[in-house]
Amino acid sequence: MNHNSFENEKLTSKNDIKSDSRASQYTAASSNQSISSGGSGQDFGIFATANHPIACLFHVLFKGAAIFSFLFLNIFISNEVMAFVFIIVFQAADFWTVKNITGRILVNLRWWSEIDEVGQEKWVFESNDDPISKKQVGATDSFVFWTGLYVTPAVWGLFALMDFVGIKFFWMYVCILCFILSFTNTMAYHQCQKDHQTKIKNYIQEKTMGYMLGGAASSALGGVKDLVFSRLPFFGGGR
């Protein structure tokens, strides 16, 4: 009797060990699955559908920092000169980022200025050389870029008008400087977009003319061939 009870206890302990091992394996698999599903990819919130979420983030980051500093920095810093420095630094960083990085990455556009032989400043607008490129612009990337580009100078213009009405000329000058920096990028990228649209139009016209001329040339060559062959006696067309 004691021997049977001892065997039953051994079987029970073995079953408990197997159950515990299976439970631990299931828990480990579940944790690995949760880590692989939730922790491997980075979630960028509203930029999750963008092709370049980091570029979208930096496209709006310095704009938001400049506007936030203009509205709320005086609460933390009573020195207007320091607030002016922070605002201009953020807006200058936004100008450089949009001009050199986000425009090229998000919408395949770029612009710069150079001095020609005469000594005059010349603006150069560049878009993708291949209008029908495999590198397509994402819808979210385009929306973030153009919305931020057009809204920012409008906001600074509104702030400048409000400070003019409120007779706050120091802050009005700050707003004017920020407006000039943001509007320069807006005007330049607008010209880049027009240049790109002109390239697409020329590309379509060239392809259309090529197909038309190719078809006309093929028809003409076919007519000449038929006429020549019809004149040869061994093709049955001679006299």
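Only a single criterion out of (1) in contact (Cβ under 8 Å) with a residue 40 or more places away in the chain; (2) under 20 Å from S182 (Cβ atoms) is not satisfied by N100, namely (1). Consider the stretch 104-119 and keep the residues that are touching a His at 6+ places or on another chain (Cβ under 9 Å) and assigned to a helix (DSSP H, G or I). The one that is nearest to D141 (Cα to Cα) is L106. Selection of first residues in the stretch 192-204 that are assigned to a helix (DSSP H, G or I) and among the hydrophobic types (A, V, I, L, M, F, W, C) and of second residues that are surrounded by 15 or more Cβ atoms within 10 Å (Cβ to Cβ) and at pLDDT 70 or above, restricted to Cβ pairs under 9 Å at least 6 apart or on distinct chains, gives the following pairs, ordered by first then second residue: C192/G103; C192/V107; C192/L109; C192/R110; C192/W111; C192/F125; C192/E126; C192/S127.
Against the test of being modelled with pLDDT of 95 or more and either open to solvent by 50 Å² or more (accessible area, probe 1.4 Å) or more than 27 Å from the chain's Cα centre (by Cα) (or both), the options F90, F76 yield a single qualifying residue, F90.
Just checking, which of F164, F159, F145 is assigned to a helix (DSSP H, G or I) and open to solvent by 90 Å² or more (accessible area, probe 1.4 Å)?
Numbers: F159 fails: open to solvent by 90 Å² or more (accessible area, probe 1.4 Å); F145 fails: open to solvent by 90 Å² or more (accessible area, probe 1.4 Å).
Going through F164, F159, F145 in turn, the sole match is F164.
How about the stretch 62-73: which of its residues are within 26 Å of the chain's Cα centre (by Cα) and hydrophobic (A, V, I, L, M, F, W, C)? Within the stretch 62-73, F62, A65, A66, I67, F68 meet the criteria.
Take T198 and tell me if it is modelled with pLDDT of 85 or more and either closer than 30 Å to F84 by Cα or out of contact with any Pro (no Cβ under 6 Å at 6 or more places or on another chain) (or both). So T198 does not fit the description; no.
L61: open to solvent by less than 50 Å² (accessible area, probe 1.4 Å), at pLDDT 90 or above, part of a helix (DSSP H, G or I) and closer than 20 Å to L181 by Cβ, yes or no? No: the conditions fail for L61.
The values are calculated or read from the model by the stated rules, or taken from the named source; none is laboratory data. All values reported here derive from a predicted model rather than from experimental measurement. Neighbour counts run over all protein chains shown; Cβ positions are idealised from the backbone, glycine included. Accessible surface areas use protein heavy atoms only, side chains included; no ligands, DNA or RNA. Shrake-Rupley method; radii C 1.70, N 1.55, O 1.52, S 1.80 Å.
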